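See below for the structure under consideration.
The values are calculated or read from the model by the stated rules, or taken from the named source; none is laboratory data. Everything quoted here is computed from the prediction, not taken from an experiment. Cβ placement follows ideal geometry from the backbone for every residue including glycine, while neighbour counts extend to all protein chains displayed.
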Amino acid sequence: MLRHFRVLLTGIVIYAVLSLTVFAGENQLQPGEESEVKMPDNGRMMKVYLPLNYSADKKWPVIFFFHGMNGSPTTAPIRYYTAGNDFVVIGLPYAAEKEVPKTAQQAEGILQKELANFYSARAWAGKNLKIDENRIIMGGISLGGWTTSTLAEYAMPRVAGMFILLAGRQREKTPPKNPALLKFMPVYIGAGEADPNIIPAFKAVASYRRYGAVVTYEIFMGLGHAPPQGAPPRFKAWLNSFGKWYAGTMTDDLRKEVDESLKGQLDNAMGKEDAQKYAVLLDLESDPSLSRSTPSVAAEISKQLNAARMESPGREESIAEKTFFELALQDVNMKLANELKAVRDGFKKLGYTYPETVFGKYAAAYAECLAQMYQKIMDASPSAMGAGAKKSSSVNFPTGESRARVPVIKYKKP
């Protein structure tokens, strides 16, 4: 009798394990494990991670992730930030990693290769996994962030959202292929406080907002060109809006959970000194889950933030931030030397007027960069500001792209 019971128990355990195993061709994928999978169209290897809570009885959001320069396909940063739950993560290889374009035609060819690479991975996921076609997310870090900004724009509407870490918008001065598709698209942009890419990141925020995207941005305080060790609060909230707090799967219990989370953060903010209180209230305003909460909770947060913006230092920070992004958009649009001078003067004035604010400090530093750029233009072409030049002389401005390697972080396995 005991022997039969042990056999039965063993069978149950084996069945339970097999029921969680996903057989994808020659691959056996286990929840909570990162596996290497050969892409069907080109034979390149991608990394696939199934969340710890994965089951085949529901559809899951998928994150397609591009690594930084000198890296390799990985899912580690995202599964670390999500505690290994709620998302299928696919770490993509680059289709043209060693190709350096010298002409616009070559650059377009590389773009098409990378798009085909993404579509191949997406098709594989649709065939082999239970994925939600309405929750396809593309994101990347450093080089992967720059890459994402271009590929996601071209892949719309097959991409529901994108995130850009430690980078900006790659084709900064080129309008998106289909700007209308960016309207209401969730976009997250995050960069280190001292990251060389922080200004391009800010300009990406301004650009995507202009096209109607719902942009959440975050500064990783105390960091340079490196990702935070812990999940950044706004990024975590942004991911949750596609995960457990996704609008299409909200229940009364989940809404109650959202309300309690937001109320707890609000109560915590009200007990802080003014500068910290304003910072926490800004985080709450940027939290996508705010749209999932009950109207009374959202209204209270809005009320407290508006009150903070009427007093110092919130008033100064708010004005400086608004002015900075207005100037950033002018920066993106400028083509003539006299426009550069006007933008430089605008940032310089902002830095002088609000020297103690976050964006006042960025404005002052960036104004110096623009001043140097303007001087080089004047030295190279003394007549650049002539009457005729104002109408016809255009200037090629650097984008500020950095290809610095992202420091390696030892991510703990969830």
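Okay, here's what the table says:
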{"read-out": "Which numbered condition PHE23 fails, given (1) touching a helix residue (DSSP H, G or I) at 6+ places or on another chain (Cβ under 9 Å); (2) at pLDDT 50 or above; (3) more than 15 Å from PHE87 (Cα to Cα)", "value": "(2)"}
{"read-out": "Residue among ILE137, ILE110 that alone is closer than 21 Å to MET45 by Cα, within 22 Å of the chain's Cα centre (by Cα) and either free of Cβ contacts under 8 Å to residues at least 40 places away in the same chain or assigned by TED's automatic domain parsing to the domain that holds PRO77 (or both)", "value": "ILE137"}
{"read-out": "Residues located in segment 166-181, provided they are buried (at least 23 other Cβ atoms within 10 Å of the Cβ) and either over 26 Å from VAL358 (Cα atoms) or touching a strand residue (DSSP E or B) at 6+ places or on another chain (Cβ under 6 Å) (or both)", "value": "LEU166"}
{"read-out": "Which numbered condition SER207 fails, given (1) of a type in the set (S, T, N, Q); (2) more than 30 Å from ARG171 (Cβ to Cβ); (3) assigned to a helix (DSSP H, G or I)", "value": "(2)"}
{"read-out": "Unique residue being in a strand (DSSP E or B) and crowded, with 21+ Cβ neighbours inside 10 Å when the list is PRO61, PRO77", "value": "PRO61"}
{"read-out": "Segment 274-321, subset of a type in the set (Lys, Arg) and part of a helix (DSSP H, G or I), residue surrounded by the fewest Cβ atoms within 10 Å (Cβ to Cβ)", "value": "LYS303"}
{"read-out": "Qualifying positions in segment 186-236 - among the small types (Gly, Ala, Ser) and crowded, with 24+ Cβ neighbours inside 10 Å", "value": "GLY190, ALA191, ALA201, ALA204, SER207"}
{"read-out": "Subset tally (residues that are farther than 20 Å from GLU133 by Cα and either in a loop (DSSP other than H, G, I, E, B) or touching a Pro at 6+ places or on another chain (Cβ under 9 Å) (or both)) for segment 147-177", "value": "13"}
{"read-out": "Number of positions in segment 210-239 that are closer than 14 Å to TYR188 by Cβ, assigned to a loop (DSSP other than H, G, I, E, B) and touching a Lys or Arg at 6+ places or on another chain (Cβ under 9 Å)", "value": "1"}
{"read-out": "Filter result (outside any helix (DSSP H, G or I) and either of a type in the set (A, V, I, L, M, F, W, C) or under 22 Å from GLY190 (Cα atoms) (or both)) within segment 244-273", "value": "LYS244, TRP245, TYR246, MET250"}
{"read-out": "Unmet requirement for GLY126, which otherwise passes all of (1) touching a residue at least 12 places away in the same chain (Cβ under 8 Å); (2) part of a helix (DSSP H, G or I); (3) farther than 26 Å from ASN70 by Cα", "value": "(1)"}
{"read-out": "Pairs with Cβ under 9 Å, 6+ apart, first in segment 268-290 and assigned by TED's automatic domain parsing to the domain that holds ASN240, second crowded, with 17+ Cβ neighbours inside 10 Å and in a helix (DSSP H, G or I)", "value": "none"}
{"read-out": "Meets criteria (touching a helix residue (DSSP H, G or I) at 6+ places or on another chain (Cβ under 8 Å), assigned to a helix (DSSP H, G or I) and more than 12 Å from PHE64 (Cα to Cα)) for PHE118", "value": "no"}
{"read-out": "Residues that are part of a loop (DSSP other than H, G, I, E, B) and surrounded by fewer than 17 Cβ atoms within 10 Å (Cβ to Cβ), drawn from segment 33-51", "value": "GLU33, PRO40, ASP41, ASN42, GLY43"}
{"read-out": "Verdict on ARG234 being among the basic types (Lys, Arg), under 15 Å from the mean Cα position of the chain (by Cα) and either over 21 Å from ALA83 (Cα atoms) or not assigned by TED's automatic domain parsing to the domain that holds MET162 (or both)", "value": "no"}
{"read-out": "Top-ranked residue of segment 80-106 - restricted to ones that are buried (at least 19 other Cβ atoms within 10 Å of the Cβ), among the small types (Gly, Ala, Ser) and part of a loop (DSSP other than H, G, I, E, B), ranked as nearest to the chain's Cα centre (by Cα)", "value": "GLY84"}
